[in-house]
Amino acid sequence: MSYYQELGLTKEPFSTSPDPAFFFRSTSHLQALTRLEIAIRLRRGLCLILGDVGTGKTTLARTLLANFPQEDGFSFHVILDPSFESEHQFLLRLCRMFRLQGSFRSTLDCREAIEHYLFHGGVVEGKTTVLMIDEGQKLSLDMLENLRMLLNYETNEYKLLQVVIFGQMELLGRIRRLRNFMDRVALKYIINPLSEEETAQIIRFRLQLAGREDAQQLFTDSAIRFIHETTQGYPRQISLLCHNALEALVMYQKTEVDASLIQELIQHESRWAEAAA
């Protein structure tokens, strides 16, 4: 009998991959998603989504993409790692993403081509070009300055390029040093960890999506309380701990995840961390 069948599941409920199907609409995440959609559709320009490691920023980004499924008039482009060695390398990447033709030997060549592309697409064709940047904390001051210059391309009514940056909290300090950049942020939002109630909801939500009919009974209330205390409500840590708990259920042939099982897993992780230190 497989791991899934043993637990009454049809698929993995606690994967840490950013699957939009498992996007949990907590108060914080839903507000961020809704406000992002509005800002993009109104072509407000620059959106900044910040959060600590493991708060669900990448899953939020994938869900945002999924909410514009082959929708006419929207063109999304994604940079997963913005660690560019020079501004020319960054602008050249944009030219290739936009499928522009030319040699682009200088930054000026790139900027002129990008400006023409954005104007033709945004004004002549009425399309909305969206650039999404994940791991935004890796953006250097030079890259931020280049983004600021691209955001200068606009009509009297809207920005020609929509930029959405997802980054860790450390990015905020760097941006604050660039007053001209900070002034261009149309949407600033910080994703908060989940409350204890939301921790219980995300666990049951994921179990139900994975096929467990009695999801509410698999984890006891005391177990969820320990999970929240240990993870502090960070979705990635919740998924890791819950996955380990389901493995333990199978190994120990138990029927529910209780507080003692979670405590045992926490102690095991503590011993592992001490040994690795």
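The numbers here are math on the coordinates, done by the rules we state, and not lab data. All values derive from a computational prediction rather than experimental measurement. Cβ atoms come from the backbone with ideal geometry, glycine included; neighbour counts cover every protein chain shown.
With each label modelled as a point 7 angstrom along the Cα→C-beta vector, the residue 266-residue 81 pair spans 3.6 nm. Summarising the amide proton neighbourhood of residue 132: residues at separation of 5 or more, or on other chains, whose placed amide H is nearer than 5 Å comprise 77, 78, 79, 164.
Between residue 225 and residue 248, what length comes free when the chain is fully extended (0.36 nm per residue of separation minus the Cα-Cα distance, one decimal in nm)? Walk me through the intermediate numbers first.
Working: separation 23, 0.36 × 23 = 8.28 nm, distance 1.81 nm.
Answer, rounded to one decimal: 6.5 nm.
Extension gain, residue 96-residue 190: 0.36 nm per intervening residue step, less the Cα-Cα distance, totals 30.7 nm. In sequence order, the stretch 196-211 has phi-based couplings of 5, 5, 5, 4, 5, 5, 5, 5, 5, 4, 5, 5, 5, 4, 8, x Hz under the Karplus curve 6.51 cos²θ - 1.76 cosθ + 1.60, θ = phi - 60°, and Gly or Pro positions carry x. Computed 3J(HN,Hα) for the stretch 151-161, one whole-Hz value per residue from the Karplus formula 6.51 cos²θ - 1.76 cosθ + 1.60 where θ = phi - 60°, is 6, 6, 6, 7, 9, 5, 10, 7, 7, 7, 10, glycine and proline marked x. Packing here is the average count of other Cβ atoms within 10 Å per residue, and on that basis the peptides 64-72, 9-17, highest first, run 9-17, 64-72.
Kindly identify the stretch 45-88 as rounded, prolate or oblate by the Cα gyration tensor criterion: order the square roots of the eigenvalues as a ≥ b ≥ c, call it rounded if a/c is under 1.5, otherwise compare a/b with b/c, prolate if a/b is larger, else oblate.
Because a/c hits 1.5 or more and a/b fails to exceed b/c, the stretch 45-88 counts as oblate.
Between residue 255 and residue 179, what length comes free when the chain is fully extended (0.36 nm per residue of separation minus the Cα-Cα distance, one decimal in nm)?
On the way: separation 76, 0.36 × 76 = 27.36 nm, distance 5.65 nm.
Using 0.36 nm per residue and subtracting the Cα-Cα distance, I get 21.7 nm.
Of the peptides 222-228, 55-61, the ranking by mean beta-carbon count within 10 Å, highest at the top, reads 55-61, 222-228.
Between the amide H of residue 192 and any residue lying 5 or more places away or on another chain, no distance stays under 5 Å, with hydrogens modeled in the peptide plane. Taking a ≥ b ≥ c as the square roots of the eigenvalues of the alpha-carbon gyration tensor, the stretch 26-150 is classed oblate because a/c is 1.5 or more while a/b is no larger than b/c. The distance linking the stretch 39-75 with the stretch 129-178 is 14 Å (Cα centroid to Cα centroid, whole angstrom). Between residue 197 and residue 108, the FRET efficiency estimated from the beta carbon spacing at R0 = 45 angstrom works out to 0.25. A cut-off under 14 angstrom between Cβ atoms defines the neighbours of residue 257, and their net charge, with Lys, Arg +1 and Asp, Glu -1, is -2.
A simple rule links phi to the HN-Hα coupling: the Karplus curve 6.51 cos²θ - 1.76 cosθ + 1.60 with θ = phi - 60°, which for the stretch 19-32 gives 7, x, 4, 9, 5, 8, 8, 5, 4, 5, 5, 5, 4, 4 Hz, with x for Gly and Pro.
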